[in-house]
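A.B. asks: Here it is, the structure in full.
Here, each number is a calculation from the coordinates, and none is a lab measurement. Bear in mind that the values here come from a model prediction, so they are computed numbers and not experimental data. A quick note on method: Cβ atoms are made from the backbone with ideal geometry, for glycine too, and the neighbour counts reach across all protein chains shown.
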2 protein chains.
Amino acid sequence: MADTDTLELLLRKLERHTPLPEADRRAVLALPAHGRSVPPATYLVREGEPPTSCVVLLSGFAFRHKIVESGARQIVSLHLPGDALDFQSLYLRYADHNAQTLTRADLAVVPIAAMRELVTTRPLVARAVLMDLLIEASILREWIVNIGRRNARARLAHLLCEFACRMDIIGLSEPDGYALPMTQEQIGDALGLTSVHVNRSIKALSQEGLITRKGRLIGFPHIKELREVGDFSELYLHLDEAIG
Amino acid sequence: MADTDTLELLLRKLERHTPLPEADRRAVLALPAHGRSVPPATYLVREGEPPTSCVVLLSGFAFRHKIVESGARQIVSLHLPGDALDFQSLYLRYADHNAQTLTRADLAVVPIAAMRELVTTRPLVARAVLMDLLIEASILREWIVNIGRRNARARLAHLLCEFACRMDIIGLSEPDGYALPMTQEQIGDALGLTSVHVNRSIKALSQEGLITRKGRLIGFPHIKELREVGDFSELYLHLDEAIG
DNA sequence: CGCCTCTTTGAGAAGCTTCAATGTGAGTGG
DNA sequence: CCACTCACATTGAAGCTTCTCAAAGAGGCG
């Protein structure tokens, strides 16, 4: 994996909402990143530790999570290729959560100092980072709503719809669905449910004909109905919001 | 309420983690804000509408929430005096949630354009805003964990501890506790519970001697035990993190 | 004093969890 | 190439937390 073109993906993400001037684009691409390939379940951030670098997911999937006193785990966010995992740690002294890969992944690792410098000297890049954070916060809010006020069936449908949308944005969705890179236990940890109940909820959706399954490949024959079941509206993803 | 000194509180918040140079401080205080006093339950932001201004809470309490299809409400965050409610809307075209006052409140209303200008031209202010957003995101993550993986008793204890900490930071906590500015229904909406079950959980904590109550005044005779019950650690609030 | 909102309590039902066991498929070494 | 293994998925039964519905008590404000 070449070190330079790895950052193309980061640039694409930052420019999702407004293009950057040429000088800023060059500055982003000139970040001193190095590539790294890691296996599934690799820790990228550990709760309580000082952050050392900004990680950008080039391929593969990742998630953030926290462990409660009882030992239970709650997944608090999912990350797709192109996501920058650690704007979080740009200005905070200690990580407040863990981050781990879900699958094998290729990473671009940028030293924090370089990222700070970039953000400090280039207001438009700072703005793009800020927008990214605002959208991430919006997704966190929707997850609170999902877990707090929807039943298992709706939660699951909502998660599937969100993932479909996000895969679509980055061009990773197949015409008929996608491969969800999570075990049922991980899905449960993301939804505040047990894996057993996730299994039953999947079965229910499947029997209703709302989803189809071949291994981890999930199809959506009636996406409209599924969105209704999940009370899903993609407004919170702020997909097409170029700013004035 | 004088228009100029209203912004002192915002400045104090921005400077919580690192002091700003004199020029930046003056720029913040020179924001074209106007004061406004509103009654409880006043809407400050409505989901789906374009944001019009940045609101800073000078006194009183507020919350953000979303309504699901069934009509249930989920509160996704609480806000105390000094909180800026609308960095969220700085760069997003549509609000993805509602914001409403909990109590009577005094607000400083800053036009979005002025706030954008400030953030664009002053990197250190931008950094302070970014830090504020990072901490808010951290709180959102902890709420997901709280709702997803703790039982009613622990959730309630956690909320009470968080509120205690945050009141403390801004100097609003009495030696023996505080007045929680929420009805039991609102507490339920914040915790993903029903008001009935909140009532029973409060009663339980009270009978165990972990909290005392006089109306809405809540006391904490055994704060250490309460923190254990709520699995509470204030790390996620990033209280004392000056940055290098 | 009376009204209105908020709190409190009870009883039954529902949803989700827990525990435990069995089924399944992909990868591995003999 | 097959048996073995290991992680993951699936199923059943029982129990517990939380919800729902409903009604009665309490407190503050005009």
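A.B. asks: Modelling each spin label as a point 7 Å along the Cα-to-Cβ direction, I'd like the residue A:217/residue B:34 distance in nm, to one decimal.
C.D. replies: Rounded to a tenth, the inter-label distance reads 6.1 nm.
A.B. asks: Further question on the same structure: Take the alpha-carbon centre of the stretch A:1-76, take the same for the stretch B:70-104, and report the distance between them in whole Å.
C.D. replies: Using only Cα atoms, the two centres lie 28 Å from each other.
A.B. asks: Given the pairs B:203/B:224; A:203/B:203; A:66/B:214; A:224/B:66, which are separated by over 27 angstrom at their Cα positions? Mind dumping the intermediate values first?
C.D. replies: Working: B:203/B:224 19 Å; A:203/B:203 39 Å; A:66/B:214 35 Å; A:224/B:66 22 Å.
Too far apart for the 27 Å limit: A:203/B:203; A:66/B:214.
A.B. asks: Here's something else I'd like to know. For chain A, just say rounded, prolate or oblate: build the C-alpha gyration tensor, square-root its eigenvalues into a ≥ b ≥ c, call rounded for a/c under 1.5, and beyond that prolate if a/b exceeds b/c, oblate if not.
C.D. replies: Because a/c hits 1.5 or more and a/b exceeds b/c, chain A counts as prolate.
A.B. asks: Given R₀ = 30 Å, FRET efficiency for residue A:43-residue B:170 by Cβ-Cβ distance, to 0.05?
C.D. replies: The computed FRET efficiency comes out at 0.30.
A.B. asks: Something else: Hey, what number do you get for chain A at 222 nm if only DSSP H runs of n ≥ 4 count, each worth -39500 (n - 2.57), divided across all residues, to the nearest 500?
C.D. replies: -12500 deg cm²/dmol
A.B. asks: Could you calculate, for the stretch B:116-173, the ratio of the Cα radius of gyration to the Kirkwood radius, expressed as Rg to Rh?
C.D. replies: Reported Rg/Rh (Cα atoms, Kirkwood Rh): 1.16.
A.B. asks: Taking just the alpha carbons, could you work out the radius of gyration and Dmax for the stretch B:5-134, both in angstroms?
C.D. replies: When restricted to Cα atoms, the stretch B:5-134 yields Rg and Dmax of 14.6, 51 Å.
A.B. asks: Let me ask something additional. Considering the options A:193, B:108, A:84, tell which one lies farthest towards the positive end of the dipole of the protein assembly as shown, charges being +1 on Lys and Arg and -1 on Asp and Glu at the Cβ, about the Cα centre.
C.D. replies: Projecting each Cα onto the dipole axis, the largest value belongs to A:193.
A.B. asks: Further, regarding this structure: Antiparallel versus total DSSP beta bridges in chain A: what percent is that, nearest 5?
C.D. replies: 100
A.B. asks: Let's see if you can work this out: charge +1 on each Lys and Arg Cβ, -1 on each Asp and Glu Cβ, no other charges. What is the dipole magnitude of the stretch A:66-108 about its Cα centre, in debye to the nearest 20?
C.D. replies: Once rounded to the nearest 20, the dipole reads 100 debye.
A.B. asks: What angle, in degrees between 0 and 90 and rounded to the nearest 10, separates the Cα long axis of helix B:152-169 from the longest principal axis of the Cα atoms of chain B?
C.D. replies: Once rounded, the angle reads 40 degrees.
A.B. asks: Another question, if that's okay. Might you report the magnitude of the Cβ-based charge dipole of the stretch A:150-237 about its Cα centre, with Lys and Arg at +1 and Asp and Glu at -1, to the nearest 20 debye?
C.D. replies: Values: 11 positive and 11 negative charges, 58 e Å.
So the magnitude is around 280 debye.
A.B. asks: Quick check: net charge around residue A:50, other residues with Cβ under 13 Å of its Cβ, Lys/Arg +1 and Asp/Glu -1?
C.D. replies: Around residue A:50, the charge tally is -3.
A.B. asks: Still on this structure, I have one more. Say we join alpha carbon atoms closer than 10 Å with springs in a Gaussian network model of chain A; which of A:126, A:62, A:152 then has the biggest fluctuation?
C.D. replies: Result: A:126 has the largest fluctuation of those listed.
A.B. asks: Something else: Hey, what did the stretch A:150-237 get for relative contact order, percent, Cα under 8 Å, at least 6 apart?
C.D. replies: Taking the mean separation of contacting Cα pairs over the length of the stretch A:150-237, I get 40 percent.
A.B. asks: Taking each residue of A:68-76 in turn, how many C-beta atoms of other protein chains fall within 10 Å of its C-beta, and what is the average? Could the numbers behind the result be given before it?
C.D. replies: Details: counts 8, 9, 5, 1, 4, 3, 9, 4, 9.
Mean shielding count: 6.
A.B. asks: In addition: Taking only Cα atoms, what is the 0 to 90° angle, nearest 10, from helix A:112-121's long axis to the longest principal axis of chain A?
C.D. replies: 70
A.B. asks: Turning to a different aspect of this structure: Please check which bits of the stretch A:71-95 a label hung off residue A:59 would reach, taking the label as a point 7 Å along Cα-to-C-beta and the cut-off as backbone N under 17 Å.
C.D. replies: From the stretch A:71-95, the list is A:80-83.
A.B. asks: What shape does the stretch A:150-237 have by the C-alpha gyration tensor, where a ≥ b ≥ c are the square roots of the eigenvalues, rounded means a/c under 1.5, and otherwise prolate means a/b greater than b/c and oblate the rest?
C.D. replies: Rounded is the answer for the stretch A:150-237, as its axis ratio a/c remains below 1.5.
A.B. asks: Further question on the same structure: In terms of the Cα gyration tensor, with a ≥ b ≥ c the square roots of its eigenvalues, is the protein assembly as shown rounded because a/c is under 1.5, prolate because a/b exceeds b/c, or oblate?
C.D. replies: Judged from the Cα gyration tensor, the protein assembly as shown comes out oblate (a/c at least 1.5, b/c at or above a/b).
A.B. asks: Which angle between 0 and 90 degrees, to the nearest 10, do you get for helix B:195-207 versus the longest principal axis of chain B when only C-alpha atoms count?
C.D. replies: Long axis of B:195-207 versus the principal axis of chain B: about 70 degrees.
A.B. asks: While we're on this one: Out of every Cα-Cα pair in the stretch B:59-179, what percent are more than 25 Å apart?
C.D. replies: Details: 2288 of 7260 pairs.
Cα-Cα pairs in the stretch B:59-179 separated by more than 25 Å: 32 percent.
A.B. asks: While we're here: For residue A:218, what residues show an amide H to amide H distance below 5 Å, using hydrogens built from the backbone and excluding near sequence neighbours?
C.D. replies: A:178, A:179, A:180
A.B. asks: Rounded to the nearest 20 Debye, what is the dipole magnitude of the protein assembly as shown about its Cα centre when Lys and Arg each give +1 and Asp and Glu each give -1 at the C-beta?
C.D. replies: Magnitude of the dipole: close to 980 debye.
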